[in-house]
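Note sheet for the following structure.
The values are calculated or read from the model by the stated rules, or taken from the named source; none is laboratory data. All values derive from a computational prediction rather than experimental measurement. Methodologically, a virtual Cβ is constructed for each residue, glycine included, from the backbone with ideal geometry; neighbour enumeration extends over all protein chains shown.
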Amino acid sequence: MACAARAGAANVASAHRSAHHGRARSMQIYPVEPSFTAGHAFTLGVQPRARFSVALYRQQGGEALAYASPVSLVTATHVTSRALDGHLIFESAGSATPMRFDEDWAWPTITVTPTGSAGVTTGAYAVVAYEVDAGGGPTTELGRRCAAHEAVHGYPPDSDSMCLIIARPSVPSAPLAYIIPLATYHAYNSLGGGCFYEDRLHGIPAATKVSLCRPGGGLGAQLGEPVDPYDPRSPRQQFTHWDAKFLRWLAAQDLRCDFYTDLDLHTGATLDLARYRCLLSVGHHEYWSQAMRDNVSRFLQGGGNVAVFGGNTCFRPIDYGARGTPEHLTVMNRLAPSWPGHDEAQLLGLSYGHGGGHWGEWIDGAWTNTARAPTGFTVRQASHWVFGGCGLADGETFGAADRLVGYETDGVPATSSGFQILATSPPLIGWDIGGAGALGVFGAEPAAGPPAGLVFHCGTTDWARVLMDPGARSQAVVAQITRNVLRAFCGE
C-alpha cells in the first residue's frame, strides 16, 4: 500500500497548486499510506527543498480542526532534522522538477509518531506542514497558529498545506465503521496535470489513471469544479465539505465509530467488517472496486447493515493497480464510466444512473447557473421507523427550501430491485441523467428484532450539509432520520 520512499521531484508550478487564484505559497505534503493504526508511526511525503515543521490536528466536534499531538521523528529519507524550542525543524532535499498526476511523486519522507499524553485514537487527522525561517519561526499566519497550537480550518487556503490521514483503531471497539472515500478525493484532484475529469479551470483533459502518491487526497487538492452555492467555503471534493460535517454530528450525538479508508475496505487486511454492526458511507463515495463491493456484500449477507448518507454512491468501477506490480495500491484506474447496467443498485438499492446531477454550465470560460431549483423529498411511508419522531405525513415534502436533493442524487431502477421507497423527489428535469431521487431501505426487514442485512440509502450528496446547517428548515427532520437509522442499525 506504500508509495515509493525515495527523494523525488516537487510539483511547484503555480498552475498545479489549486483552483483558487492569488493564494499565498503553500507547503505541500501527502501520506505515503492513507491510513495507519492508532499508536503506531506514519510516513509523509514532503515537498523537496523546503525548511518546515509539522503539526497534527484532528477533526472533532467543532468546525475548526483542533491541535491533537506533537510528533517525534522515527526516521527520514533525504530530510535532515533538528530540535529547537520543543519543535522539530526539517529540511528536505530533492529536485523541483514537476511531477505527473499518474506517477508516484516519490518525495523525501519523514516517518513520525504522535507523542501527546492523550494518545492518538481512531479518527480523521490533518497533518499541517508550514515553512519556517532559519531560526525556526513560522513564515506564514497558518504556521504561527500551528506553532501556538491554535485551531486551524480544513478549507482553503489553510488546507493547501495539509494532508488527510486516517487512524484506524488499534482494537475494533465501536459499532460503526466509517469509510473515508479516498478514491473519490483523488479522482477529482488534478494536481500534476490530470484526473478523471476535464478540469476546465486549468485546461486539463480527463484521464483514466491517477496516482495515490501525491498531495490532494482529501485536503490540498487542485479542483476544477464550480463552487457549491450552498456552502462556498469548502470545495465539494474534499474531506471538509461532507465528511467533516458528518463527523461533527456524530461527535455531538456521542455515536462512536472506527475509521478506515476505502483502501482498507478494498484489501480487507486492516478492516474486519465482522467486528461491526454498521458500515457508514457519507457524502460522495463514487468510486468502488469490485473487492470493495464483494466485501460489503458479504457483510450484508452476514447480517451487517450499511447506512449511506450520500449520493452518486458506488457509481464508477476502479482498480488499484495490477496485483504483483509496483503500481498495486499506489495508483487508481477508472475501468469504465459506470458498472454494467448500473448493477450497484443490486448491492445498495439505488444508482446515480437513475437519478441525476446539477452542477452548472461552463460558459465563456467560467462556471455559471450553479444554483438548483428548490427540490426535496416527498414522504411515501410516513409510518416507517425511519421517520419515527419526525412528525411527517404521507404526501408531505421536506428539504425543498434547503435544496436537500442534489447536487448529485441516486434513483430507483426501472426494473424493481426490491428497494423499499420511503420518499421520492420530483423528476429532475434538466439535470444530468434526468431521473428522480429516492430515499429508503433495501433488503428484507425482519418481522421482529433489530434490523439486519439492510441498507438505508438517502440518495443525495447534500445530506451532511443540511444535517449540520442550523438555519436549514429541514435540519431537525434530517437529523432525526439520521439518528433513527444509526441507532437502529447499531442495535440501540
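Summary table below
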| quantity | calculated |
| --- | --- |
| Residue ID - modelled with the highest pLDDT, chosen from residues in the range 323-342 that are of a type in the set (Val, Ile, Thr) and assigned to a loop (DSSP other than H, G, I, E, B) | Thr330 |
| Enumeration of residues in the range 401-460 that are in a loop (DSSP other than H, G, I, E, B), within 23 Å of the chain's Cα centre (by Cα) and among the small types (Gly, Ala, Ser) | Gly406, Gly459 |
| Of all residues making up the range 363-377, the number that are within 21 Å of Asn312 (Cβ to Cβ) and either touching a strand residue (DSSP E or B) at 6+ places or on another chain (Cβ under 9 Å) or in a helix (DSSP H, G or I) (or both) | 6 |
| Subset of the range 295-338 that is closer than 30 Å to Ala488 by Cβ and more than 21 Å from the chain's Cα centre (by Cα) - its residue that is surrounded by the fewest Cβ atoms within 10 Å (Cβ to Cβ) | Gln301 |
| Output for the range 190-243, where each listed residue is under 21 Å from Ala124 (Cβ atoms), touching an Asp or Glu at 6+ places or on another chain (Cβ under 9 Å) and acidic (Asp, Glu) | Asp228, Asp231 |
| Selection count where residues are in contact with a helix residue (DSSP H, G or I) (Cβ under 9 Å, 6 or more places away or on another chain), within 18 Å of Val71 (Cβ to Cβ) and among the small types (Gly, Ala, Ser), scope the range 152-185 | 1 |
| Breaking point among (1) crowded, with 24+ Cβ neighbours inside 10 Å; (2) free of Cβ contacts under 8 Å to residues at least 60 places away in the same chain, for Asp254 | (1) |
| Positions within the range 62-105 being under 22 Å from Arg214 (Cβ atoms), modelled with pLDDT under 95 and small (Gly, Ala, Ser), in sequence order | Gly94, Ser95, Ala96 |
| Arg49 assigned to a helix (DSSP H, G or I) and surrounded by fewer than 22 Cβ atoms within 10 Å (Cβ to Cβ) | no |
| Subset tally (residues that are out of contact with any Leu (no Cβ under 9 Å at 6 or more places or on another chain) and assigned to a loop (DSSP other than H, G, I, E, B)) for the range 308-322 | 3 |
| Long-range neighbours under 6 Å by Cβ, at least six apart or interchain, first residue within 17 Å of Ala400 (Cα to Cα) within the range 224-237, second modelled with pLDDT of 95 or more and among the polar types (S, T, N, Q) | Pro229/Thr370 |
| Tally of residues being assigned to a helix (DSSP H, G or I) and surrounded by fewer than 24 Cβ atoms within 10 Å (Cβ to Cβ) across the range 265-276 | 4 |
| Answer from Arg473, Arg465 - the residue that is at pLDDT 95 or above, in the same structural domain as Gly353 (by TED's automatic domain parsing), surrounded by 19 or more Cβ atoms within 10 Å (Cβ to Cβ) and of a type in the set (Lys, Arg) | Arg465 |
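Results for (1) in contact (Cβ under 8 Å) with a residue 24 or more places away in the chain; (2) of a type outside the set (Phe, Trp, Tyr), shown as yes or no for each residue.
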| site | (1), (2) |
| --- | --- |
| Gly357 | yes, yes |
| Trp367 | yes, no |
| Val379 | yes, yes |
| Val386 | yes, yes |
| Cys390 | yes, yes |
| Ala393 | no, yes |
| Glu396 | no, yes |
